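Taking it in order: structure first as structure tokens, then the write-up.
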Amino acid sequence: MNLTSRILVVDDDPELRELIANFLGGHGYIVRSAADAAAMQRELDREPPDLVVLDVMMPGEDGLSAVRRLATGRGPAVILLSALGSDTDRIVGLEVGADDYLAKPCNPRELLARVRAVLRRRQAGTEIAGQPEIYEFAGWRLDLSRRDLRDPAGTYIDLSDGEYALLRCFVTQPQRVLTRDQLLDHAHGGNREIYDRAVDSQVSRLRRKLNERSEAELIRTIRNEGYMLLPSVRRL
């Protein structure tokens with residue numbers, strides 16, 4: 001793990017913002033802070049961080065809107081913090097593009113563990129980025145090194161981070177029943193909070209994108225067990 005990673009803490013509560021920044025800084029990270037989304041954008045323009053710890057409920061642009069913008073490109077990882085801690089709130093946060101979601105008040109050590117896990121996942125993705133890793137299934141091609149999915153006609157298909165992580169899990173373990181826990185471990189790095197409905201929703205969205213451009217069923221729901229990628233997969 002790279003303890004020189006840069007973290008940006010965005011929260012309109014100055015005491016909490018300082019507490020989080022000091023705690024993470026005390027564990028070796030380079031930490032900056034911002035009071036709202038506008039200040040966050042100025043910090044992003046000045047020097048992009050590796051990870052943003054982002055409050056959901058802020059004056060002006062809220063955290064959900066901000067994370068949608070960050071998720072549109074290859075921006076920093078995002079951990080959302082929110083006083084809204086219901087399953088629905090967590091699901092929405094993950095679906096708009098956050099890498100993790102933590103309810104307030106949270107134990108700083110839990111936040112530190114989440115930060116480390118998210119950065120490890122990002123680092124692992126970076127390490128394979130230069131290595132060709134292309135999979136073909138039912139005429140589709142997925143290039144993991146470039147995060148590039150092409151349908152049988154060669155058209156690029158845009159995937160969210162969650163959809164991409166799930167498809168990667170499916171193509172590397174084809175024709176096997178994958179439980180929700182296995183998919184959660186793969187897509188969210190071992191986060192033991194249960195996001196079953198988030199997995200169901202993301203699988204549904206991924207399946208819809210595949211079915212729109214495929215005549216055959218590709219992902220099947222196995223009742224009371226999980227999901228399976230049906231076609232065989234060939235690594236090129």
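The values are calculated or read from the model by the stated rules, or taken from the named source; none is laboratory data. Here the structure is a predicted model, which is why all the values come from computation and not from measurement. No Cβ is skipped: glycine too gets one built from the backbone with ideal geometry, and neighbour counts run over all protein chains shown.
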Kindly indicate whether Leu70 is touching a residue at least 40 places away in the same chain (Cβ under 8 Å) and at negative phi.
-> no
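Restricted to region 159-176, and to residues that are assigned to a helix (DSSP H, G or I) and out of contact with any helix residue (DSSP H, G or I) (no Cβ under 8 Å at 6 or more places or on another chain), which residue is nearest to Ile222 (Cα to Cα)?
This residue is Phe170.
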Considering only residues of region 162-192 that are surrounded by fewer than 19 Cβ atoms within 10 Å (Cβ to Cβ), of a type in the set (D, E, K, R) and touching a strand residue (DSSP E or B) at 6+ places or on another chain (Cβ under 9 Å), which is modelled with the highest pLDDT?
-> Arg176
Looking at region 124-142, which of the residues that are surrounded by 15 or more Cβ atoms within 10 Å (Cβ to Cβ) and acidic (Asp, Glu) is modelled with the highest pLDDT?
-> Glu136
Return the residue satisfying two criteria in turn: it lies in region 143-157 and is of a type in the set (A, V, I, L, M) and at pLDDT 90 or above, and of such residues it is surrounded by the fewest Cβ atoms within 10 Å (Cβ to Cβ).
-> Ala153
Which of the residues belonging to region 46-75 are part of a loop (DSSP other than H, G, I, E, B) and crowded, with 16+ Cβ neighbours inside 10 Å?
-> Pro49, Asp50, Val56, Met58, Asp62, Ala71
